[in-house]
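The values are calculated or read from the model by the stated rules, or taken from the named source; none is laboratory data. Predicted, not measured: the structure shown is a model, and the values here were computed from it. All Cβ positions, even for glycine, are placed from backbone atoms using ideal geometry, and neighbour counts span all protein chains on display. Accessible surface is based on the protein model in full, side chains and every heavy atom, while ligands, DNA and RNA are left aside. Shrake-Rupley method; radii C 1.70, N 1.55, O 1.52, S 1.80 Å.
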Amino acid sequence: ECCDKAGVSILPQTLKNWVTSGKYSVDSRSRSNFYKLCFALKMNLNETKAFFYKALLTRPFNYKDLYEAVCCFCLNTNRSYRDVERLVQQIQSIPSTKTDTVWRNTALIGSCIEKCRTEDELVEYWMQNSAGFTHHRETATEEVKALLNRCYKAATSYYAEGSWTCS
């Protein structure tokens, strides 16, 4: 009933499987269903983030993906799922502006999208910046490399000081 009122379609069997088996996938099709569920349950942005983190154990939004970015915007500005579908179609029909800027940090993109309050602001932001959304998983990779480097330096220092002995 909530899905019908919200204008989203999730197969009843899918909902039944989630509830009875507790099994789900977080691939792109399933993520779409989870966003639809959030709209059907009238969740806001923070509730949706908590749902993805705590219930699904995954990040709530890939802000470099148009569909997910528009879901974020609509949840944040109390719009409907119908608005998501309309905005995605609208933005897809507009060519993005070429840019030399490459956005490596997806979280920064999310901050910018969350600051958008009107559809025009979102459309303008996406047109101006989405051509730079070409790199994926780089921030996490760089963070892991930096952490490993710090661990290596700490271990080297620890062994050099003679603090470690083999008994």
Give just the number: which of (1) modelled with pLDDT of 75 or more; (2) part of a helix (DSSP H, G or I); (3) surrounded by 10 or more Cβ atoms within 10 Å (Cβ to Cβ) does R117 not satisfy? (2)
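Among V123, V144, which is the only one that is modelled with pLDDT of 85 or more and assigned to a helix (DSSP H, G or I)?
Numbers: V144 fails: modelled with pLDDT of 85 or more.
Going through V123, V144 in turn, the sole match is V123.
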Those residues of the stretch 7-27 which are open to solvent by 50 Å² or more (accessible area, probe 1.4 Å) and in contact (Cβ under 8 Å) with a residue 24 or more places away in the chain amount to S9, Y24, V26
Would the stretch 59-76 turn up any residue that is assigned to a helix (DSSP H, G or I) and open to solvent by 90 Å² or more (accessible area, probe 1.4 Å)? no
Expected output for the stretch 77-98 (first residue open to solvent by 60 Å² or more (accessible area, probe 1.4 Å), partner in a loop (DSSP other than H, G, I, E, B) and modelled with pLDDT under 95, Cβ below 6 Å, 6+ apart or cross-chain) is R82/G7
Could you please find all residues in the stretch 1-48 being over 13 Å from V84 (Cβ atoms), among the hydroxyl-bearing types (S, T, Y) and not in a loop (DSSP other than H, G, I, E, B)? T14, T20, S21, S28, S30
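Condition (residue is aromatic (F, W, Y), open to solvent by 40 Å² or more (accessible area, probe 1.4 Å) and either at pLDDT 95 or above or within 14 Å of the chain's Cα centre (by Cα) (or both)) applied to the stretch 36-50: is it met by at least one residue? Give the derivation first.
Within the stretch 36-50, the subset aromatic (F, W, Y) is 39.
Applying the additional criterion that residues be open to solvent by 40 Å² or more (accessible area, probe 1.4 Å) yields none.
Within the stretch 36-50, none of the residues are aromatic (F, W, Y), open to solvent by 40 Å² or more (accessible area, probe 1.4 Å) and either at pLDDT 95 or above or within 14 Å of the chain's Cα centre (by Cα) (or both).
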